1. Show the residue pairs that are 6+ apart or on different chains and have beta-carbon atoms under 8 Å apart, the first residue being within region 53-79 and farther than 17 Å from Leu26 by Cα, the second being of a type in the set (Lys, Arg) and part of a strand (DSSP E or B).
2. With the checklist (1) surrounded by fewer than 17 Cβ atoms within 10 Å (Cβ to Cβ); (2) in contact with a strand residue (DSSP E or B) (Cβ under 7 Å, 6 or more places away or on another chain); (3) under 20 Å from Arg139 (Cβ atoms) in hand, flag the one item Ser588 doesn't pass.
3. Scan region 288-303 and tell me whether some residue there is outside the structural domain of Arg243 (by TED's automatic domain parsing) and under 23 Å from Ala529 (Cβ atoms).
4. Only one residue in Ala325, Ala310 is crowded, with 19+ Cβ neighbours inside 10 Å, closer than 27 Å to Ala556 by Cα and assigned by TED's automatic domain parsing to the domain that holds Arg413. Which one?
5. So is His508 within 28 Å of Gln568 (Cβ to Cβ) and not assigned by TED's automatic domain parsing to the domain that holds Phe382 or not?
6. Given the conditions (1) under 17 Å from His127 (Cβ atoms); (2) under 19 Å from the mean Cα position of the chain (by Cα); (3) acidic (Asp, Glu), and given that Glu593 satisfies all but one, which numbered condition is not satisfied?
7. How about region 163-182: which of its residues are surrounded by 15 or more Cβ atoms within 10 Å (Cβ to Cβ) and at pLDDT below 90?
8. Quick check: anything in region 431-438 outside the structural domain of Phe388 (by TED's automatic domain parsing), farther than 30 Å from Asn244 by Cα and outside any helix (DSSP H, G or I)?
Amino acid sequence: MEIELQEIRDFIAAIPPFDRLPEDVLDGITQALRIQYVRRGANVPGERGNKSMLHILRQGAIAMYSGKDNLIGMLGEGDICTSFCAADVMPDFYVRATEDTLLYSVPCDQLSGLVDNDESVLHFIRHSAAQRLKQAVARMQEQSSSNLLHTYAGDICRTPLITARPDNSIRECARLMSDKGVSSLVILEDAEPVGLVTDRDIRKRCVAQGLNVDTAVTEIMTRDIISLRASDSLFDALLVMTRNQVHHLPVFSDEGDIIGVITTTDIMRQEGVSAVHLTSTIRKAESLDELVEASRMLPRIQLQLVNMGADLHHLGYAITAISGAITRRLIEMAEEKLGPPPVPYAWIAAGSQARREQTSHSDQDNGIIISDKMQPGDDAWFESLAHFVNDGLNACGFVYCPGDVMASNPKWRQPASVWQEYFDQWIEEPEPMALMLSSIFFDLRVIHGKEKLLKKIRKKVLHKAPNNQLFLAHMTRNALGHRPPLGFFRDFVLVHDGQHDETLDLKHSGLVPIIDMARIYALAEGLSAVSTEDRLRAAAGTPSLSQGGSANLLDAFEFISNLRLEHQAAQIEAGDSPDNFMSPKQLSKLEREHLKDAFKVVQTMQATLEMRYQTGRI
């Protein structure tokens, strides 16, 4: 082979998936390709002699579009443009060179014939990075073995529904529950459920209070019933029970008829789940030592949930419900010690706890919004509360925030009017460093206290943010500081810091870029959603985010987060502390390719944001 062709062959041989091909096939590809030069701004030809072409980028960069302004991908040196080989090329699809570009091009049908013995390479050729990632996520979901994810509330409501009337006495209801061997009754009036009474209600609201057992059951029943649909999974039931600290859930058919009640015990029969019991233990804790002991179960809960097939949505809700229960119990303990608060307040969580994306390996980010009725001297009470709760959370494994974003810092323990001034200044006079430090405060949720204190602030923020392009541009510029770790030939760029040498930081290089972009989409459209997945779904189809872009980012977020959860589960299983640093050597060759596809999706969406807000000009 001529020396020029040998050099081209060596270049191609270093690029996945061609790096897995035998030498004779590589020789055939090298002989079949044509060299093309495309000037900046010119369209890349999709055909040559009526044959669709695959392009390998030797130098330069290209952008792929669907329609005039819908950027769907960007490729650089060492990347492969497979889009013209797909069976379903969009009619308005085109590719444009964003730099002077040198391409190695080969007809798709000729290439397919050369690699027809390697299904994985054929699959790569016929699909885009986003399509390959979507299929990988679908397979990941199909392979989930959890009984809870694939068993539905309606499946286990097999026993007859036991009911009572509102005029039945507590004694009659207790006897009926005993005779039927159940721990709850649905109270029906004119065939409609109006309440739920449990054995616990009888103990706590009747016996413990000395209430006459001949009193009507309406005096102790729960009127605001928390329920499920028959089509909800048992994992959904677990999350509802954990979040609301309840042990019985009435189940309604999709037509709206009540069909039964499921209990914690029913779920326990399906899987050995202890998240609900852990929140119950936390609620009953009488000391910090008891909370610390309960919190030690968090890594095991995370391991259990991952082994059940839970994704970040399910696991995040469960872990965040537990951390919220710990926070609320610490606040209750503090109020028992300090006395009642001098004025109303809201304890707020920021960051991953607010987004309900916590794992057992999380630091704490929080603050306090205090009523504007606050008087001089009142802060002494709130300072004591803040230190008690922050110290307690740290003892329970939610370590102090490295950036001091905690209620114990006076800056984040202020009246509502001061918080409003903070947000007004961040939006109206955006300053890069201030926004970098404060961006997590655009992810907020009330853990305890008066919801309306945050609601009023959020309403003004969501009204102001979409109208200030400079603010959004600064937020975007800061967000682009976290880039996917892809380098030359789109190989991984690894961490080199000694402690985590030769690893990928899946959180800061993988998930944080998506979290940051989702926040910007929500602010740009004035959306109230807080979790990353909710934001991406809510923004889909808006001027800020296309339906396709939303779907691709959701796939990337799920794939990367699942790799991270599996990595942490393996560490917990081995008795190590979970972290976010994973060696690529832990991944199969196919997983590495899918991870690169996920990073390419993120790169493309970052490039779109960068162009939209012209961040290079600020």
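1. Filtered contacts from region 53-79: Ile62/Arg96; Ala63/Arg96; Tyr65/Arg96; Glu77/Arg58.
2. Failed condition: (2).
3. For region 288-303, residues outside the structural domain of Arg243 (by TED's automatic domain parsing) and under 23 Å from Ala529 (Cβ atoms): absent.
4. When all the criteria are applied, what remains is Ala310.
5. Yes; evaluated as a whole, the condition is true for this residue.
6. (2)
7. Met177, Val182 - these are the residues of region 163-182 that are surrounded by 15 or more Cβ atoms within 10 Å (Cβ to Cβ) and at pLDDT below 90.
8. Yes, region 431-438 has at least one match.
The values are calculated or read from the model by the stated rules, or taken from the named source; none is laboratory data. Note that the structure is a prediction, hence the values are computed from the model and not measured. We place every Cβ from the backbone using ideal geometry, glycine too, and count neighbours over all the protein chains shown.
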